[in-house]
Amino acid sequence: SNLLEQKFDKIMKQSVKEGIQKHIESIKKLRKNGKFANQVIPLLRLFYLKCMPQKEMVDILGMNNVTQISKVLNLKGLINRIRQITRDKVLTAIPNILGEEFGNNPKFLDSLIGPVDIYIDEKIFNEALAELNRPNVNERYSTFALYIKRYLKTRS
């Protein structure tokens, strides 16, 4: 339904923003690579907006090697983090969408975890992860990539 789509769109935007912020915070805590936390946004720009392979990013950002970049970028970790936030937000939103009589029933909400996982994975996250395994593309156009791009463009 349209209401659900609008709600989901809003949730995705919030989840991407929160997920990236949390990701940057977690990078700051790394012993070796914490100093590169401020490179997360530039790295995401190169990956999602310029579709640059990680090995080409090394020279541009003055980092030492691809391993360092993949640790700081940690795209799989970022996607999973955003997925977890999205899942929590969707499960929290369901009672508001369906109304009190459903929303106050913990058993009912537990029964939705599986379907919610399937829904968000089919809609967003399976494709987001699959896209990581296609390194040499000149366009990232998964729904997830579109949300990331939209976020990056608001932070110019």
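Kindly establish whether Glu56 is under 14 Å from the mean Cα position of the chain (by Cα) and open to solvent by 30 Å² or more (accessible area, probe 1.4 Å).
On the way: under 14 Å from the mean Cα position of the chain (by Cα): no; open to solvent by 30 Å² or more (accessible area, probe 1.4 Å): yes.
Spelling it out, it is not the case that Glu56 is under 14 Å from the mean Cα position of the chain (by Cα) and open to solvent by 30 Å² or more (accessible area, probe 1.4 Å).
For the range 66-96, give me each residue that is within 14 Å of the chain's Cα centre (by Cα), farther than 18 Å from Lys10 by Cβ and polar (S, T, N, Q). Steps first, answer last, please.
The first filter runs over the range 66-96 and keeps only residues within 14 Å of the chain's Cα centre (by Cα), leaving 73-89.
Those still in the list that are farther than 18 Å from Lys10 by Cβ too: 73-81.
Within the range 66-96, Asn74, Asn80 meet the criteria.
Got at least one residue in the range 115-124 being within 24 Å of Glu18 (Cβ to Cβ), at pLDDT below 80 and open to solvent by less than 90 Å² (accessible area, probe 1.4 Å)? Break it down stepwise before answering.
Kept after step one, since they are within 24 Å of Glu18 (Cβ to Cβ), are these residues of the range 115-124: 115-124.
Then keep just the ones that are at pLDDT below 80; that gives none.
Within the range 115-124, none of the residues are within 24 Å of Glu18 (Cβ to Cβ), at pLDDT below 80 and open to solvent by less than 90 Å² (accessible area, probe 1.4 Å).
Take Leu112 and decide whether it is within 17 Å of Gln54 (Cβ to Cβ) and hydrophobic (A, V, I, L, M, F, W, C). I'd like the intermediate steps shown before the answer.
Numbers: within 17 Å of Gln54 (Cβ to Cβ): no; hydrophobic (A, V, I, L, M, F, W, C): yes.
The answer is no for Leu112.
Just a yes or no: is a residue in the range 101-118 at negative phi and touching a residue at least 60 places away in the same chain (Cβ under 8 Å)? Write out each step before concluding.
Keep residues of the range 101-118 that are at negative phi, which gives 101-118.
Next cut, touching a residue at least 60 places away in the same chain (Cβ under 8 Å) only: none.
No, the conditions are met nowhere in the range 101-118.
Please verify whether the range 64-82 includes one or more residues that are at pLDDT 90 or above, basic (Lys, Arg) and crowded, with 18+ Cβ neighbours inside 10 Å. Talk me through it step by step, then tell me what you get.
Within the range 64-82, the subset at pLDDT 90 or above is 65-82.
With basic (Lys, Arg) added as a condition, the list becomes 71, 76, 81.
Those still in the list that are crowded, with 18+ Cβ neighbours inside 10 Å too: 81.
Looking for residues that are at pLDDT 90 or above, basic (Lys, Arg) and crowded, with 18+ Cβ neighbours inside 10 Å, one finds at least one in the range 64-82, hence yes.
So Lys89 passes all but one of these: (1) open to solvent by less than 30 Å² (accessible area, probe 1.4 Å); (2) touching a Ser or Thr at 6+ places or on another chain (Cβ under 9 Å). Which condition number does it fail?
Exception for Lys89: condition (1).
Just name the residue that is most open to solvent (accessible area, probe 1.4 Å) out of those in the range 143-156 that are modelled with pLDDT under 95 and either touching a Lys or Arg at 6+ places or on another chain (Cβ under 8 Å) or not basic (Lys, Arg) (or both).
Ser156
The values are calculated or read from the model by the stated rules, or taken from the named source; none is laboratory data. Bear in mind the structure is a predicted one, so any value in this text is a computation, not a measurement. Virtual Cβ from ideal backbone geometry, glycine too; neighbours counted across all protein chains shown. Areas reflect the complete protein model, heavy atoms only, side chains present, ligands, DNA and RNA absent. Shrake-Rupley method; radii C 1.70, N 1.55, O 1.52, S 1.80 Å.
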